[in-house]
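Visitor: I have a structure here, written as structure tokens, and I will follow up with some questions on it.
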Amino acid sequence: MHRGIMGFFLFLLVFASITLPCGAGTPWTEVDSKAADGGDRLVVLAYAEGSIASSVDLLQKNTPGLVAGAAKKRAWIALATLYELAGNPEAAALAWSEAAFAEPARRDDMALMESSRCFTAIGETERAVADVRTVLLTGRDPLALRKARLWAGYIAAFSGAPDAVSLLATFAADPDSENESPSILFVTNRVLGVPDDATRLLAEYPRTLEARILAAASRKRVDLALTPQWIFTGPRPIPPPETTLASKAPPPLNTPPTPTKPPVPASVSAESSAKALQVGLFKSELNAQNLVSRLEAKKFPCSISIRTVGEAMYWAVTVDPGVSVKDTTMKLKDAGFESFPLF
């Protein structure tokens with residue numbers, strides 16, 4: 001786990017131990033959940049619980065009922081991070097997605113990319129690609145767009161797409177991609193079978209985790225499966241609450257300069273082939289019907305279909321993309337609906 005995340009966890013625990021009474025003397029209340037900063041208080045109380053299981057339980061029960069806004073987003077991010085620490089990437093992916101849409105009309109595309117990362121880790125590439133496409137088609141955050149393009153390359157690699165090698169090679173050759181180069185070279189060697197990239201990884205980045213794994217595998221000290229699980233590391237640090245904790249939180253990491261955009265694979269960037277725009281995916285048919293009623297009230301032509309993910313059955317709500325996927329996506333967004341294209 002990254003030092004920044006561990007440091008912030010320790011900070012929260014020390015802060016909670018100083019400011020909160022011992023035991024169960026500081027309960028979570030309905031009043032707290034209705035406050036604009038309720039999410040920040042919930043995060044502090046959750047980490048004061050002292051164990052991942054109890055922290056997850058408190059956040060899981062109360063985060064959905066928080067008032068929408070930045071504090072609710074931070075609570076979802078805290079829950080997503082704890083799910084990752086607990087080894088539950090699917091629940092983490094769903095929590096990251098909730099964080100992405102927690103602030104009305106302010107989608108957090110970096111959180112959406114964390115959702116994509118978690119889905120990639122468990123082999124749910126279709127759901128991972130859905131998040132990537134959403135960012136590529138309607139995103140405005142340069143860092144998130146760049147990460148979406150890189151992640152499209154990773155997904156293409158694990159899916160066996162023919163353009164994966166050229167896309168990832170473009171990133172590896174970019175001087176601004178120095179931090180990502182070890183993982184890119186690892187994937188192009190182990191997953192895509194480019195032999196020279198193993199030599200380059202061991203020579204240029206010998207102290208990285210990827211180089212050490214590769215060296216151990218070559219000495220037959222580890223049995224390395226060709227899965228995306230190794231890349232499932234390092235969730236984004238929890239942003240500090242904007243109230244009491246803000247002045248004591250660690251300083252933010254330096255933001256890297258916006259790099260030159262590499263080419264986007266046609267399979268991900270082309271919008272013209274989209275068959276529909278998915279607006280919702282529910283385990284409850286009633287919830288799906290409620291969304292359809294809201295869409296129809298806004299004059300959007302929509303439908304419900306049943307979709308099976310693993311062994312679970314979901315009701316998907318989709319909208320006809322019309323002549324332009326991008327225009328329809330923006331109209332949905334203006335009406336308060338987030339969507340992503342289905343190809």
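Visitor: Yes or no: the range 328-342 includes at least one residue that is assigned to a loop (DSSP other than H, G, I, E, B), under 22 Å from Met110 (Cβ atoms) and either in contact with a His (Cβ under 7 Å, 6 or more places away or on another chain) or modelled with pLDDT of 80 or more (or both).
Guide: Residues of the range 328-342 assigned to a loop (DSSP other than H, G, I, E, B): 335-339.
Filter once more, so that each one left must be under 22 Å from Met110 (Cβ atoms): 336-339.
Okay, now just the ones that are also either in contact with a His (Cβ under 7 Å, 6 or more places away or on another chain) or modelled with pLDDT of 80 or more (or both), so 336-337.
Yes: the range 328-342 contains one or more residues that are assigned to a loop (DSSP other than H, G, I, E, B), under 22 Å from Met110 (Cβ atoms) and either in contact with a His (Cβ under 7 Å, 6 or more places away or on another chain) or modelled with pLDDT of 80 or more (or both).
Visitor: So Pro104 fits all but one of (1) surrounded by fewer than 21 Cβ atoms within 10 Å (Cβ to Cβ); (2) more than 23 Å from Leu332 (Cα to Cα); what number is the exception?
Guide: Checking Pro104 against (1) surrounded by fewer than 21 Cβ atoms within 10 Å (Cβ to Cβ); (2) more than 23 Å from Leu332 (Cα to Cα), the one that fails is (2).
Visitor: Quick one: would you say Leu150 is out of contact with any His (no Cβ under 6 Å at 6 or more places or on another chain) and more than 18 Å from Glu114 (Cα to Cα)? Walk me through how you get there before you give the answer.
Guide: On the way: out of contact with any His (no Cβ under 6 Å at 6 or more places or on another chain): yes; more than 18 Å from Glu114 (Cα to Cα): no.
It is false that Leu150 is out of contact with any His (no Cβ under 6 Å at 6 or more places or on another chain) and more than 18 Å from Glu114 (Cα to Cα).
Visitor: A follow-up question, please. Would you point out which residue out of Ala266, Ala246 is modelled with pLDDT under 55, surrounded by 11 or more Cβ atoms within 10 Å (Cβ to Cβ) and among the small types (Gly, Ala, Ser)?
Guide: Ala246
Visitor: So, in the range 181-199, of the ones that are charged (D, E, K, R) and buried (at least 17 other Cβ atoms within 10 Å of the Cβ), which residue ends up nearest to the chain's Cα centre (by Cα)? It would help to see each step written out before you state the result.
Guide: Residues of the range 181-199 charged (D, E, K, R): 190, 196-197.
Restricting the remaining residues to those that are buried (at least 17 other Cβ atoms within 10 Å of the Cβ) gives 190, 197.
Details: Arg190: 24, Asp197: 28 Å.
Within the range 181-199, the match that is nearest to the chain's Cα centre (by Cα) is Arg190.
Visitor: Now for a different question. Just give me the residues in the range 21-54 being modelled with pLDDT under 80 and farther than 13 Å from Leu82 by Cα, in sequence order.
Guide: Pro21, Cys22, Gly23, Ala24, Gly25, Thr26, Pro27, Trp28, Thr29, Glu30, Val31, Asp32, listed by residue number.
Visitor: Something else now. With respect to Leu145, determine if the residue is closer than 23 Å to Val187 by Cβ and surrounded by fewer than 24 Cβ atoms within 10 Å (Cβ to Cβ). Outline the logic, then answer.
Guide: Details: closer than 23 Å to Val187 by Cβ: yes; surrounded by fewer than 24 Cβ atoms within 10 Å (Cβ to Cβ): yes.
Yes, satisfied.
Visitor: Right, here's the next one. Would you be able to say whether some residue in the range 150-161 is more than 26 Å from Thr318 (Cα to Cα), not aromatic (Phe, Trp, Tyr) and not in a helix (DSSP H, G or I)?
Guide: Yes, some residue in the range 150-161 is more than 26 Å from Thr318 (Cα to Cα), not aromatic (Phe, Trp, Tyr) and not in a helix (DSSP H, G or I).
Visitor: Any idea which residue in the range 148-172 is farthest from Val187 (Cα to Cα), counting only those that are among the aromatic types (Phe, Trp, Tyr) and more than 14 Å from the chain's Cα centre (by Cα)?
Guide: Of the residues in the range 148-172, the ones among the aromatic types (Phe, Trp, Tyr) are 151, 154, 158, 171.
From what is left, the residues that are more than 14 Å from the chain's Cα centre (by Cα) are 154, 158, 171.
On the way: Tyr154: 8, Phe158: 9, Phe171: 12 Å.
Restricting to residues being among the aromatic types (Phe, Trp, Tyr) and more than 14 Å from the chain's Cα centre (by Cα), the top hit is Phe171.
Visitor: Can you tell me which condition Gly160 does not meet? The list is (1) without any contact (Cβ under 8 Å) to a residue 12 or more places away in the chain; (2) surrounded by 19 or more Cβ atoms within 10 Å (Cβ to Cβ), and all the others hold.
Guide: Going through (1) without any contact (Cβ under 8 Å) to a residue 12 or more places away in the chain; (2) surrounded by 19 or more Cβ atoms within 10 Å (Cβ to Cβ) one by one, Gly160 breaks only (2).
Visitor: Please state which of the following conditions Ala36 fails to meet, knowing it meets all the rest: (1) under 19 Å from Trp151 (Cα atoms); (2) assigned to a loop (DSSP other than H, G, I, E, B).
Guide: (1)
Visitor: Please pick out the residue among Glu126, Glu114 that is in a helix (DSSP H, G or I) and free of Cβ contacts under 8 Å to residues at least 12 places away in the same chain. Break it down into steps so the answer makes sense when it comes.
Guide: Details: Glu114 fails: free of Cβ contacts under 8 Å to residues at least 12 places away in the same chain.
None of the other options fit; the residue is Glu126.
Visitor: How about the range 109-133: which of its residues are closer than 24 Å to Asp176 by Cβ and either surrounded by fewer than 23 Cβ atoms within 10 Å (Cβ to Cβ) or more than 11 Å from the chain's Cα centre (by Cα) (or both)?
Guide: Asp109, Met110, Arg133
The values are calculated or read from the model by the stated rules, or taken from the named source; none is laboratory data. Since we're looking at a predicted model, the values are computed, not measured. Virtual Cβ from ideal backbone geometry, glycine too; neighbours counted across all protein chains shown.
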